[in-house]
Amino acid sequence: PMSKIIEAARFAEQCHRGQVRKYNGRPYIEHPMRVAGRMAMRPEATEDAVAAAWLHDVMEDCGIHPDRIAALFGAEVTFLVSGLTN
């Protein structure tokens with residue numbers, strides 16, 4: 001099966017497709033990609049933590065409901081994403 005991290009990256013890309021950063025006009029997905037990359041480099045990083053880093057803006061910026069994240073990625077990822085959402 002595909003890793004949860006890759007699935008989260010693909011889902012985030014789909015959710016953010018067409019969005020750009022207001023500061024520089026670059027594709028928005030570059031932001032969660034950088035956050036996930038930084039998280040992956042941390043010694044305490046888990047698969048769930050890196051997946052959550054990819055998904056950290058999908059609730060507030062894309063209107064994705066926590067129940068959808070839970071169904072796709074599990075309770076721990078949903079908990080982490082909810083904690084990172086403004």
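A few notes on this one:
- Trypsin sites (Lys or Arg not before Pro) within region 1-35: DSSP coil, no more than 16 neighbouring Cβ in 10 Å: 17, 21, 22
- Candidates per GluC sites (Glu not before Pro) in region 9-86, loop by DSSP, up to 13 other Cβ within 10 Å: 44
- Between amide H atoms placed 1.01 Å from N, distances below 5 Å from residue 19 occur with 28, all of them 5 or more places distant or on a separate chain.
- For semi-axes √(5λ) of the Cα gyration tensor in Å, the value calculated from this model appears in [x] 19, 19, 9; [y] 19, 15, 12; [z] 30, 18, 10 under label [y].
- Rolling a 1.4 angstrom probe over the chain with all protein chains present gives an accessible area of which 56% lies on carbon and sulfur atoms.
- Between residue 67 and residue 41, the FRET efficiency estimated from the beta carbon spacing at R0 = 25 angstrom works out to 0.25.
- Think of a 1.4 Å ball rolled over the protein heavy atoms: the chain then has 62 Å² of accessible area per residue.
The values are calculated or read from the model by the stated rules, or taken from the named source; none is laboratory data. Not measured: the values here are computed from a predicted model. Counting neighbours? That spans all protein chains shown, and the Cβs are built from the backbone with ideal geometry, glycine included. Ligands, DNA and RNA are excluded from the accessible area calculation, which covers all protein heavy atoms including side chains. Shrake-Rupley method; radii C 1.70, N 1.55, O 1.52, S 1.80 Å.
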